[in-house]
Amino acid sequence: MKVLEELRKQRVQEIEELRRAGVEPYPYKFDKTHSTADIKRLFDEKLGAGEILEEEKVSTAGRVMSIRDHGKSAFFHIKDQEGRLQIYIRKNAVGNEKYQLFKKYVNVGDIVGVKGFPFKSKTGELTIFVEDFQILSKAVRPLPEKWHGLKDKEIIYRQRYVDMIANDESLERFKLRYKVIRLMREFLNERGFVEVETPTLVYVTGGAEARPFVTHLNVFDIDMYLRIATELYLKRYIVGGFEKVYEIGKVFRNEGISYKHSPEFTSMELYWAYADYNDIMELTEDLISFIVKEIFGTTKVIYQGTEIDFSKPFRRVRMRDFILEKLGVDIVEDSDEKMLSVLKKQGVDVPIKSRGHLINKLWDLVEDQVVQPTFLLDHPVDISPLAKRHREDPRLTERFELIVFGREIANAFSELNDPVDQYQRFLEQVKLREAGDEEAHMMDKDFVRALEYGMPPTGGLGIGIDRLVMFLTDSPTIRDVIAFPLVNPKSLEEEIEYEEEVEEK
RNA sequence: GGGCCGUUAGCUCAACUGGUAGAGCACCUGAUUCUUAAUCAGGGGGCUGCAGGUUCGAGUCCUGCACGGCCCA
C-alpha cells in the first residue's frame, strides 16, 4: 500500500507543479477530429514504410499506453475507443518547452491530445508526427503491467474500468455486446416492431419462475417487487391494441450467481399479434442468424473450443421425445412415481415433488446433450403456465426454448389468451406457492382481467441477451459480458476506508 | 450452503523438505532523434489478506476469519 501511496503523492505534486507553470492538467475540451481507426482507414494503405504525408493534418487523442523515450524524441502509443496508434514526438518539432512538458510530466496512463500528420516508420507502422500536443488528463494511479495486462479476477470484476484500459479484448467484448443489442433493434424496427417500456417496480411478479427482489413503496406503504420478466405487461400492450412490441431491459431474479446466472440481467421480449409459435420460431432463426452474420460474416462461431453453427433452420426436437429417448421416461404418459424413480436412480434430489418440478429435473439431466442451436418443443402444461395448449394435445403447450450448448437462450410460446384457462393456471401456481415453492407465479388478477377484454392470438419470445453475447464473445461466464457485475461489497468498503485515511493525512 | 484451490511490491510472477523476501514491468535520476515488451547505467519501494497457534526460527506447518476462483446444490 505504501508504494501506491507514494506514487499517488508524487503525481498529485506534479499536478500542482503543472498548475504553477500555467499548464492545466485537466482542461475542458479538445478538438478531436480523427479517431485512431479513422487515421488507420485514411492513411494506412496510402503510405509505404518511411513515407510521410506532411500536408494531412489530424488531431487525435487517447490514453498513453507505453512510452519509448529516446532523449530528444520519443515514441508512444495511445489507445482510444477504436484501438491503438503510435505517436512520434520530437524536440525540434514541438519546441523545447512542449518537449520538456512531455518528457517530465507525461506518464503511461495519462490522456493526451496530439496534432500532427501521418507517416510510416522504417518498420512500417503508421504513426502520427506531433506538431503540437496537450495533456488532457493526468492519471494519479499507475496502470497494470503493460505486457501481461490485468489478470486478477477480483480487480477485473470490481474495477472493470481498469480491465477495459489494460485488456483491449475486454473493451472489444463490450463493444460487441452493444453491437448485438443495436443489431437486434435494427432487425426488429425493420420488421415493424415498436420498442416500448414496462414497469420495473411491480405489485405482483410473473412471467418467469423466480424469486423476486422486494422493496418498499413509501407513498402507499406497500411492499413491491422488481420485475422478474417483462412478459405480462408487454401482453397488456397487445390487449391495448399494439400488434408488434418489444422491450430490451433489465430483469431481476433474487437467486444464486453462477457462470450462467446473474441476479440482474438483460432480456429482450417481443410479442406479435396474430402470430403463433411457428412464426416466432422462424423469426428467432432469422434474428439470431442475422446478428451472427452481421458481426462475423459467417454463421459459425467457436465457443470454448466447439464450433457452433447458427445457420437456419435450427434443429427441432420435442421435449417429450428427447427425454424419452435419453432417459426412457415419458413426461406426458408416465406417472409421477415413475419419473421420481428415474430421478432417484440418477441421484437427483427433488425438494418439491410437483409434476412440473419432476419434469424440469429430468430435463436438467439431459440438457447438456444439446449442443448445436436446437428448438426444444411442446413443453407440458405443468411447466408452462403462460403458454397456450397445444392444438393437437391439450396436455402440452405450444412452446419452444432455444437451447445452445446446454443452455437456454430463448423461450417462446403461442401465448395463452383464454382468460378462464389463464385463471386456472394461476390457481395451480398459487397452490405450488402455498406448498412452499417460492418461484411459482403469483396470482395476477389484473392480467387476467386484461385477457378478459380479449387479446388476439399472439406469439411471444424472450431472449437472454447476456447468454447470447457469451456465445458471440467466447465468454465462459456471464460475468464476463456484464460490465459491472454484482460483487460482494465487503472488501470494497475496506478499500474506501483506506482512501479516506489517505485523504486525511 | 458443501468440497477443492488461491491471496507475496501498483501490476505479472518467483522464493526446495521451515533458515536474512526476489525478478520483470511501472516509478525516480542520468544517457539516447525511427523505437515498438526499445536499450544502457543507477535508485527507492514489502505488516507475505487478517487473527491466533506450533517452533530457537513461519511467506512456507496448524486453526479460525475475510475475499476471490472452480466444481456441486
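What to note about this one:
- ³J(HN,Hα) computed for each position of the stretch A:178-183 - Karplus, 6.51 cos²θ - 1.76 cosθ + 1.60, integer Hz, glycine/proline x: 6, 6, 4, 5, 5, 5
- Residue order, fewest to most beta carbons within 10 Å, for A:363, A:147: A:147, A:363
- Among residues other than residue A:348 with Cβ under 11 Å from its Cβ, the summed charge is +1 (Lys and Arg +1, Asp and Glu -1).
- Remark: the stretch A:352-357, residue by residue, has Karplus-estimated 3J(HN,Hα) of 10, 9, 7, 4, x, 5 Hz, where x stands for each Gly or Pro and the curve is 6.51 cos²θ - 1.76 cosθ + 1.60 at θ = phi - 60°.
- Chymotrypsin sites (Phe, Trp or Tyr not before Pro) within the stretch A:390-473, DSSP loop, no more than 10 other Cβ atoms inside 10 Å: A:453
- Area projected by the alpha carbon convex hull of the stretch A:221-341, averaged over all directions, nm²: 12.8 nm²
- Pairwise centroid distance, computed over Cα atoms, of the stretch A:356-423 with the stretch A:268-318, Å: 17 Å
- For chain A, averaging the sequence separation of C-alpha pairs within contact (under 8 Å, six or more residues apart) and dividing by the residue count gives a relative contact order of 12 percent.
- Rounded tilt (10° steps) of A:231-240 against the dominant C-alpha axis of chain A: 80 degrees
- For chain A, the percent of C-alpha pairs falling in each 20 Å distance bin, counted from 0 to the bin holding the largest distance, reads 19, 42, 27, 12, 0.
- Checking the Cα-Cα distances for A:103/A:153; A:151/A:344; A:46/A:115; A:72/A:153 against a 31 Å cut-off, the pairs over it are A:103/A:153; A:151/A:344; A:72/A:153.
- Cα point-scatterer Debye curve for the stretch A:1-117, base-10 log of I(q)/I(0) at q = 0.21, 0.22, 0.24 Å⁻¹: -1.37, -1.46, -1.61
- Residues A:261, A:77, sorted so that the one with the fewest Cβ neighbours within 10 Å comes first: A:261, A:77
- Helix A:490-504 axis, angle to chain A major axis (alpha carbon atoms, nearest 10°): 30 degrees
- The stretch A:201-266 and the stretch A:77-142 have Cα centres spaced 49 Å apart.
All of the numbers you see were taken from the coordinates with simple rules; none came from a lab. Just so it is clear, the model here is predicted, and its values are computed rather than measured. A quick note on method: Cβ atoms are made from the backbone with ideal geometry, for glycine too, and the neighbour counts reach across all protein chains shown.
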